[in-house]
Amino acid sequence: MNGTSQLSYAFVVFISAIFTQNILLSYFLGLCPFIGVSREIKAAFGLGLAVIFVMTSTSLLNWVAYHFVLEPLDLHFFRFIMFIIIIAAFVQFTEMVIERYSPTLYQRLGVFLPLITVNCAILGASLFMVIRDYTFLVTVGYGLGSGIGWFLAIIAMAGIRQRLSNERIPRGLQGPGITLIIAGLMALAFIGFTGVLQGN
Amino acid sequence: MFLAVLIAVGVVSSIGAGLAAVLVVSEHFFANYGQCKITVNEERDFTIEGGKDLLSVLTGEKLFIPSACGGRGTCGLCKLKVLEGAGPLLPTEEPYLEKDERESNVRLACQVKVRQDLKIEIPKELLAIQEYTCKCTDIQDLTHDMKQFRFELIEPKTIDYIPGQYIQLLTPAYEKSSEEVYRAYSISSDPADKGAIELIIRLVPGGICTTYCFEYLKEGDQMKMNGPYGDFRLSETEAPIVFIAGGSGMAPIKCILHHMKNTDNQRKATYFFGANKVKELCLSDSMSQFESDLANFKYMPVVTSVEEGESWDGEKGLVTEAVERNLKEAEKCEAYLCGSPGMIDAAIKVLKKMGVTNDRIFYDKFE
């Protein structure tokens with residue numbers, strides 16, 4: 001593939017990661033914070049932003065680690081441990097930097113940043129990037145797209161749940177019950193995007 | 001095969017070690033705020049290692065700022081002015097600060113992190129706050145769930161406080177609580193007695209400090225406390241006084257009465273003390289002593305429900321009902337309330353209905 005087609009492929013992957021292959025709504029990864037932190041838009045917004053940032057950065061870091069360390073040494077089976085360690089260290093590092101240079105942002109993100117370490121969507125994105133054999137450029141598109149997709153999904157869910165808070169919901173369905181049903185409906189809606197893009 | 005395992009282990013460990021090293025190095029650069037100088041009221045300053053929150057730094061320097069939540073940012077008590085170096089207002093502080101406070105740089109000490117040189121202003125009365133080591137010398141039962149504790153001061157040997165103020169008692173870690181906690185109690189003793197203080201404590205089921213005082217504290221034990229705090233105090237006007245208290249709300253009122261006696265205060269004063277049952281009344285002897293010592297003081301205990309077999313010819317019903325029935329010329333009075341939030345809110349409602357304006361109602365809510 002030459003440079004231009006690489007770029008256009010990366011763009012297609014980027015768009016499809018947001019809509020047709022949304023990591024949350026088609027792969028159901030990162031469900032725990034999706035259900036836990038989607039009660040109000042403000043919190044969901046903070047977490048969503050943190051996910052975009054961490055997902056993009058860690059999938060790039062993991063790409064480098066995988067292709068320059070694990071692959072040459074034939075240690076593919078170590079990628080789970082590797083990726084987790086790198087994600088954890090990166091989150092720690094980011095936390096320190098943000099605390100130093102932007103205390104306001106640090107307070108706003110609060111507990112979300114460390115929480116992301118154990119968000120399986122982050123690890124999932126890195127693993128997909130390996131399985132699908134993406135190049136570095138495509139990984140940029142994929143990481144960013146997946147992050148934005150996750151962000152969109154949780155914001156939409158928070159919006160819906162804020163409206164639902166004034167509705168009467170049968171007792172057995174309150175809380176996570178109705179949230180999972182909504183997630184299912186949203187996933188169905190997102191299937192509507194299938195076929196919009198060729199090449200994934 | 002063996003080599004492969006060795007390589008694998010080596011690679012993973014070295015990557016882990018590498019990342020750990022990066023973190024350690026970056027912590028050295030990013031989380032190291034160096035030496036920071038804190039200037040207090042432009043009078044004294046001290047230098048500390050940066051990176052910690054202001055409240056614990058000040059506590060370490062023996063400057064005690066009131067705080068009920070232990071630095072979690074939920075009580076909003078540790079307000080002080082940070083003139084320079086605090087950085088932007090944090091979302092965690094916003095709910096506790098009024099507009100004029102924000103404009104005059106008031107911050108919550110527990111949320112401000114020391115990252116550079118700070119200039120702060122601590123109110124004069126807080127500078128008088130000290131930490132005291134004391135010995136429990138006497139424990140008296142007042143009712144089935146209230147006790148009076150006497151603590152003699154060891155170091156410093158004397159305490160000056162304004163009658164109505166409170167201290168914070170440090171409960172050490174013990175069987176039922178793994179960490180030290182501070183709890184606030186009003187001083188009930190005679191302010192002329194500077195070498196000791198007395199506290200009236202009501203047992204809170206499951207309470208960390210009250211359980212300790214009731215079940216573990218023995219005469220002769222040493223404890224630590226700091227204070228005095230609070231702005232609940234008698235005004236200097238000549239207006240007639242109405243005291244309303246319930247339960248351990250007795251403490252600051254008793255202290256104020258001692259003070260009135262010491263200064264030969266002639267103000268007209270009525271004290272409504274509410275109890276649920278006859279057996280919950282306490283310190284009746286001291287109160288009748290005050291009645292004979294003070295020229296214009298009247299003590300009026302009120303019992304909500306009299307049980308069979310008990311004889312009671314005093315006021316009956318809720319304390320607020322007794323106030324409504326007995327208080328004359330309420331609009332001229334100053335009211336001093338002390339007790340549970342429920343009682344205080346009810347009393348404020350009744351007093352307002354009787355014509356007492358807001359600026360004449362003073363209270364100390366025990367929450």
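Comparing region A:92-160 with the 2.2 N^0.38 Å rule of thumb, its C-alpha radius of gyration ratio is 1.31 (two decimals). The Rg/Rh ratio of region B:121-257, with Rg taken over Cα atoms and Rh as the Kirkwood radius over Cα pairs, comes to 0.97. From its DSSP helices (H runs of at least four residues, each -39,500 (n - 2.57)), the protein assembly as shown gives a residue-normalised ellipticity at 222 nm of -13000 deg cm²/dmol. From the largest down, region A:105-200 spans 49, 40, 21 angstrom on the principal axes of its Cα atoms. Partner aspartates and glutamates whose Cα lies under 15 Å from the Cα of B:Lys176, excluding those fewer than 8 positions away in the same chain, are identified as B:Glu215. Which of rounded, prolate, oblate describes chain B, given a ≥ b ≥ c as roots of the alpha-carbon gyration tensor eigenvalues and a/c under 1.5 marking rounded, otherwise prolate only if a/b is larger than b/c? Prolate is the answer for chain B, as a/c is 1.5 or above and a/b outweighs b/c.
For region B:347-354, 3J(HN,Hα) computed residue by residue from phi via the Karplus equation (6.51, -1.76, 1.60; θ = phi - 60°) reads 5, 4, 4, 5, 4, 5, 4, 8 Hz, glycine and proline entered as x. With the charge dipole of region B:35-126 set up from +1 on Lys and Arg Cβ and -1 on Asp and Glu Cβ about the Cα centre, the Cα lying farthest toward the positive end among the listed residues B:Leu97, B:Gly71, B:Pro123 is that of B:Gly71.
Listed values for region A:45-54 are Karplus-derived 3J(HN,Hα) couplings in whole Hz (6.51 cos²θ - 1.76 cosθ + 1.60, θ = phi - 60°), namely 4, x, 5, x, 4, 4, 5, 4, 5, 5, and x replaces Gly and Pro. When both region B:84-112 and region A:1-46 are represented by their alpha-carbon centers, they are found 37 Å apart. Shape class of region B:241-365 from the Cα gyration tensor (axes a ≥ b ≥ c, square roots of the eigenvalues): oblate, since a/c reaches 1.5 or more and a/b does not exceed b/c. Reported value for the protein assembly as shown: 242 Å³ per residue, from the convex hull of its C-alpha atoms.
Beyond 32 Å in Cα-Cα separation lie the following of the pairs B:Lys254/B:Lys349; B:Lys224/B:Lys254; B:Lys99/B:Lys365; B:Lys261/B:Lys328; B:Lys37/B:Lys218; B:Lys124/B:Lys328: B:Lys37/B:Lys218; B:Lys124/B:Lys328. Summarising the strand pairing of the protein assembly as shown, around 60 percent of its internal DSSP beta bridges are antiparallel.
How big is the convex hull of the Cα atoms of region B:23-165, per residue, in Å³?
Here the figure is 184 Å³ per residue.
Calculated over region A:13-191, the projected area of the Cα convex hull averaged across directions stands at 10.9 nm².
Charge tally for B:Val350 (other residues, Cβ to Cβ under 11 Å; Lys, Arg +1; Asp, Glu -1): +1. Here the Kirkwood formula puts the hydrodynamic radius of region A:145-200 at 12.8 Å, using every distinct Cα pair.
Prolate is the label for region B:197-261, because the ratio a/c of its alpha-carbon gyration tensor axes (a ≥ b ≥ c) is 1.5 or higher and a/b is greater than b/c. A cut-off of 5 Å between modelled amide H atoms, ignoring neighbours fewer than 5 places along the same chain, links B:Ile154 with B:Thr133, B:Cys134, B:Lys135. Taking amide H atoms as placed 1.01 Å from N in the peptide plane, the amide H of B:Phe362 lies under 5 Å from those of B:Ala335, B:Tyr336, B:Leu337, each 5 or more residues away in sequence or on another chain. For region B:139-221, trypsin sites (Lys or Arg not before Pro) meeting the loop criterion (DSSP other than H, G, I, E, B) and having at most 16 other Cβ atoms within 10 Å: B:Lys157, B:Lys176, B:Lys194, B:Lys218. The amide H of A:Gln21, built 1.01 Å from its N in the peptide plane, has no neighbour under 5 Å, considering only residues 5 or more places off or on other chains.
In order along region B:108-116, phi translates into HN-Hα couplings of 8, 4, 6, 9, 7, 9, 7, 10, 8 Hz, rounded to whole numbers, per the Karplus curve 6.51 cos²θ - 1.76 cosθ + 1.60 with θ = phi - 60° and x for Gly and Pro.
All other residues whose Cβ lies under 13 angstrom from that of B:Val303 are scored, Lys and Arg at +1 and Asp and Glu at -1, for a net of -3.
Only the coordinates and a few stated rules stand behind these numbers; no lab work does. All values derive from a computational prediction rather than experimental measurement. FYI the Cβ positions are ideal-geometry reconstructions off the backbone, even for glycines, and counts take in every protein chain you see.
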